[in-house]
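Worksheet: the structure to be examined is printed underneath.
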Amino acid sequence: MSVFEKGARCSGAVLVIAVLLASAALIVTAAGDRDVLRVSYNPIPLNIPTILMHKGLLQDRMDGLGVKVEWISGLLKGSLMTESMAAGELDIASVMGGTSAVVSFAGGRDIVVVAGYSRASQGFGIVVRPDSPIRSVADLKGKTVVGPIGTEVHYLLAKALQEVGLSLKDVRFKNDLVPNAVSYVINGDADAALVVEPTMSVYEYQGKVRILRTGEGLMPGATFVAVRGPFLREHPEIVIEYLCSQVQAIEQMKSMGKEALQLAAEELDMPLAVIERVAQKYEFSANLDAEAIEDLQGIADFLFDEGLIRTQIDVTSMLDTSLLEQVLQQ
């Protein structure tokens, strides 16, 4: 099935819901308080589907509903997205990490995960200096590791240590942001850093770090699409059309081949060689399968066990895949 055939069928699915909600939609449009869809725009690390949606795919689809897309840039952390959602300033987070979604939900925020976005188990890693004597994760015992607490890479560190019979108690952990963490290692002030793409590939490409362990075999490294709860309940027809656009963007990205990587290189202002390295680690899909949900539950359990959230979460309570299922069945 071609991209355009998918798009046409998605529009059919939206039409059914739009007819059922026609009266409400007309009232909303007339009032003028729901003619804008606010979506986060963050092309980093390699969010090619979002880049394509930003360049017109999403607006083209929303035109049929009379909705104007407003892209919100600068929300580089999941916590900023969830706070913006809580304030009613953001409707859809185009890409959100599992830890951010869980922490927000556990804190009482009304957000709903409606689809998957990407898988990149190798997009999260532990790095050391190229000349470091540390050759395996087991060698980190008693060493200083720097990284952001309560994130996917913190979870990776716990899983990697567990793999070799150690725990977080066996390392000296220092909480800091990824760019700072890498600087600690490069300057010799820490033994290892927790990093994500594209930072990991940039510094590896420059010969400044060596990758000790990625998340491969330990975690899917999944990211998700999250929607502000009230918006989802009031405007399912818009969310369906958004998901149709996401599916369309993924198909278009695949058909573009290297052209899509060149587009990302220009958008991210990075060498194509780095983008190609990062791209090998990423798989894009809107699907929310059992593995992704299991990983999300693992993250929730980790955050609870570490005392980073106070409530033990069943992640199925923060998911709604009903709209995605309608889209994928077309």
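What follows is calculated from the coordinates using simple rules that are stated; it is not laboratory data. Keep in mind that this is a model prediction, so the values were computed, not measured. So basically every Cβ, Gly included, is an ideal-geometry build from the backbone, and we count neighbours across all protein chains shown.
Measure out, as a whole number of angstrom, how far apart the alpha-carbon centroids of region 259-274 and region 172-232 sit. So the two Cα centres are separated by 20 Å.
If you wrap a convex hull around the Cα atoms of the chain, how much volume per residue is inside, in Å³?
Taking only Cα atoms, the chain has a hull volume of 124 Å³ per residue.
If R0 is taken as 41 Å, the Cβ-Cβ distance between residue 308 and residue 234 corresponds to a FRET efficiency of 0.85.
Report the full-extension gain for the segment residue 266 to residue 110: residue separation times 0.36 nm, less the Cα-Cα distance, to one decimal in nm.
On the way: separation 156, 0.36 × 156 = 56.16 nm, distance 3.55 nm.
Difference between extended and current length: 52.6 nm.
A full extension of the chain between residue 79 and residue 60 corresponds to an added length of 3.9 nm, given 0.36 nm per residue minus the alpha carbon distance. For region 272-330, what log10 I(q)/I(0) values come out of the Debye formula at q = 0.14, 0.17, 0.27 1/Å, with one point per alpha carbon and no solvent? Normalising to I(0) and taking log10 leaves -0.62, -0.77, -1.04.
Footprinting exposure proxy ranking of 38, 233, fewest other C-beta atoms within 10 angstrom first, gives 233, 38. What the pair-distance distribution of region 122-214 shows, using all Cα-Cα distances binned every 10 Å from zero, is 19, 60, 21, 0 percent.
Once every DSSP H run of n ≥ 4 in the chain is given -39500 (n - 2.57) and the sum is divided by its residues, what mean residue ellipticity at 222 nm do you get, rounded to the nearest 500 deg cm²/dmol? Could you put the intermediate results ahead of the total?
Details: 15 runs with 153 residues, N = 330.
The per-residue figure over the chain is -13500 deg cm²/dmol.
On a full-extension model of 0.36 nm per residue, what is the gain between residue 291 and residue 168, subtracting their alpha-carbon distance, rounded to one decimal in nm?
41.8 nm is the gain from fully extending residue 291 to residue 168.
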